[in-house]
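Okay, so here's the structure we're looking at.
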Amino acid sequence: LGNGGSTLHALRCLEEQYGDQWTSFTVLLIHSGGYSQRLPNASALGKIFTALPLGEPVYQMLELKLAMYIDFPRRMKPGVLVTCSDDIELYSTGVTDTITFEKPGFTALAHPSDLAVGTTHGVFVLDPSSFSGKGGLEYGSCYRFLHKPDVETMQQSGAVCVRGDRPQLSSPGSCGDSGMPSECVYTDSVFYMDHSTAQQLLEFYKQMGTLGCEIDAYGDFLQALGPGATPDYTKNTSNVSKEDSGLVAVRQQLYSLLQGTALNVIVLNNSQFYHIGTTKEYLFHFTAESKLRFELGLQPVAFSIFPDSASSLDQLSIIQSILEPGCVVGPGSVIEYSRIGPEVSVGKGSIISGSYINFNVDIPSGCFLSSISVKMTDHVEYVTMVFGVGDDLKKSVKLLSDIHSLQFFQVSLPECLDLWSLEASDQLFSSEDTRLGLWTARIFPVCSTLSESVRMSLNMLNSVQHKSAFKLSGFQLLSVEEMLTNKDVEDMLKFRKQIYGEICLQRQKEKSDY
């Protein structure tokens, strides 16, 4: 469905459940995160439940979202506030400034960003007569909305602003650094639609019957708005993850429906937009000297049992995990919801999620390891996915002869398959629509225990790193796609609860000893 389709579906559920009552609701609608291919430790449970290295017990992204938007409903007419689950907006406004969502049509928050940031986000072409660029908060109107535009498009369409000296904005990634005039664009984050607009979209959805394609709530709704909107975007499918027949037609219908609807913009000149939807961003914001880490007070060790000897550095992030004395964790690594034994050493810049490692092993730097409980028949089994943190899980090829362009831990996939005694064939991939990629490759062994599944997947990685054979031919193998289809969320949460219980007991014991 895409996040646009799921937005429409959620509106339909609200109407079915509440009837006419929902006309008076103020709704917070959060896209909980699709396949999360760029941050796969969030794939099974959804990005909105990503744990943050903060709080006792730890906060999840959901709590942070609720805290950030806590003041909005007071000044909001009935309608729907739409947001992603992997972005954080921090802003400061004057004492008398208030953010209100009371106008008809759409109202979006806008943040000053570098042009490079604009290429991967939505960008507002502001109506210059409605906006001065001064002060912490301004209400303006948007002439046109660009979705992931290139720099040339931003410049040609008048989206680029030159900011002069704004001393309150002195953070990287925002404009106004060092008092020198600098170019910036205003990028999107959260948007609101009033009830009648939401109702219009819902009626459209009901008329459609079933959607045969993915709709994007940002690109496909917002690009239709503002006096400068043109239908050109409806034919551009370069940003679509799955090209479906019918997408262009649906976009054109949405364009006709929404054309002429206002796009109001609340410009937050003194704000920062942070995105933590990729392994790179996740590691940076949780472990490096990031501004976000400082602003939110993220902790190196949050709600965990952690021996002092494991690392003297503050450049790491341990979240609701139990690490036994003797283990070593390299700088720049994140460990969440895991149990790490005494003979384990973790390299630099790695991510370990939901795993139990109770054997002697050196986990290399830049390793991504995440365990999933699966229910194939009537009993629970375990699979652990392992990759390099930089591996591209979104990349796919159409032909078997092209799979050499897929890289697993910097080694071409065919070379890995040889080492694992697996044959490159159509049966090796789980996808029906000839998408051959790391996401659909059936290479991960199913095991009866969690620690055994971690051991097997680390053996696979070890064989690739040392170019030594490790036979996978005897195992039942799953792709990441299949792990998610067969995931057993209850069992994964049970493991987290066990860790939670032990940490609570340890905390009580420490208190009574004290």
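The values are calculated or read from the model by the stated rules, or taken from the named source; none is laboratory data. Model, not experiment: these values are computed from the prediction. Every residue, glycine as well, gets a Cβ built from its backbone with ideal geometry; the counts of neighbours run over all protein chains shown. These accessible areas exclude ligands, DNA and RNA; they are computed on the full protein's heavy atoms, side chains included. Shrake-Rupley method; radii C 1.70, N 1.55, O 1.52, S 1.80 Å.
Structure values in brief
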read-out: Residues being open to solvent by 10 Å² or more (accessible area, probe 1.4 Å) and under 16 Å from ILE318 (Cα atoms) - total across region 350-364; value: 2
read-out: From the options THR93, THR120, THR107, residue that is under 16 Å from ILE266 (Cβ atoms) and assigned to a loop (DSSP other than H, G, I, E, B); value: THR93
read-out: Every residue from region 343-360 that is within 21 Å of GLN320 (Cα to Cα) and not in a strand (DSSP E or B); value: GLU343, GLY347, LYS348, GLY349, SER350, GLY354, SER355, ASN358, PHE359
read-out: Residue list for region 379-397, restricted to those being closer than 18 Å to ILE351 by Cβ and of a type in the set (D, E, K, R); value: ASP391, ASP392, LYS394
read-out: Selection count, region 301-322, where residues are open to solvent by 40 Å² or more (accessible area, probe 1.4 Å) and either aromatic (Phe, Trp, Tyr) or in a loop (DSSP other than H, G, I, E, B) (or both); value: 5
read-out: Residues located in region 41-77, provided they are open to solvent by less than 50 Å² (accessible area, probe 1.4 Å), in a loop (DSSP other than H, G, I, E, B), more than 21 Å from GLN299 (Cα to Cα) and not hydroxyl-bearing (Ser, Thr, Tyr); value: ALA44, LEU45, GLY46
read-out: Some residue of region 501-510 being over 23 Å from LEU45 (Cβ atoms), open to solvent by less than 70 Å² (accessible area, probe 1.4 Å) and not small (Gly, Ala, Ser); value: yes
read-out: Set LYS206, LYS280, LYS291, LYS235: member being open to solvent by 20 Å² or more (accessible area, probe 1.4 Å), within 18 Å of LYS148 (Cα to Cα), outside the structural domain of GLY390 (by the TED database) and not small (Gly, Ala, Ser); value: LYS235
read-out: Some residue of region 407-428 being open to solvent by less than 30 Å² (accessible area, probe 1.4 Å), under 24 Å from VAL328 (Cβ atoms) and among the polar types (S, T, N, Q); value: no
read-out: Residue count, region 30-62 (criterion: of a type outside the set (A, V, I, L, M, F, W, C) and either in the same structural domain as ILE351 (by the TED database) or over 20 Å from SER353 (Cα atoms) (or both)); value: 1
read-out: Every pair of residues 6+ apart whose Cβ atoms lie under 7 Å, when the first sits in region 8-28 and is assigned by the TED database to the domain that holds ARG251 while the second is surrounded by 13 or more Cβ atoms within 10 Å (Cβ to Cβ) and aromatic (Phe, Trp, Tyr); value: LEU8/TYR205; ARG12/TYR205; LEU14/TRP22; GLU15/TRP22; LEU28/TYR69
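Here's the yes/no breakdown for (1) of a type in the set (Phe, Trp, Tyr); (2) part of a loop (DSSP other than H, G, I, E, B); (3) touching a helix residue (DSSP H, G or I) at 6+ places or on another chain (Cβ under 7 Å); (4) modelled with pLDDT under 95:
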site	(1), (2), (3), (4)
ASP362	no, no, no, no
GLU381	no, no, no, no
ILE403	no, no, yes, no
CYS416	no, no, yes, no
GLN427	no, no, no, yes
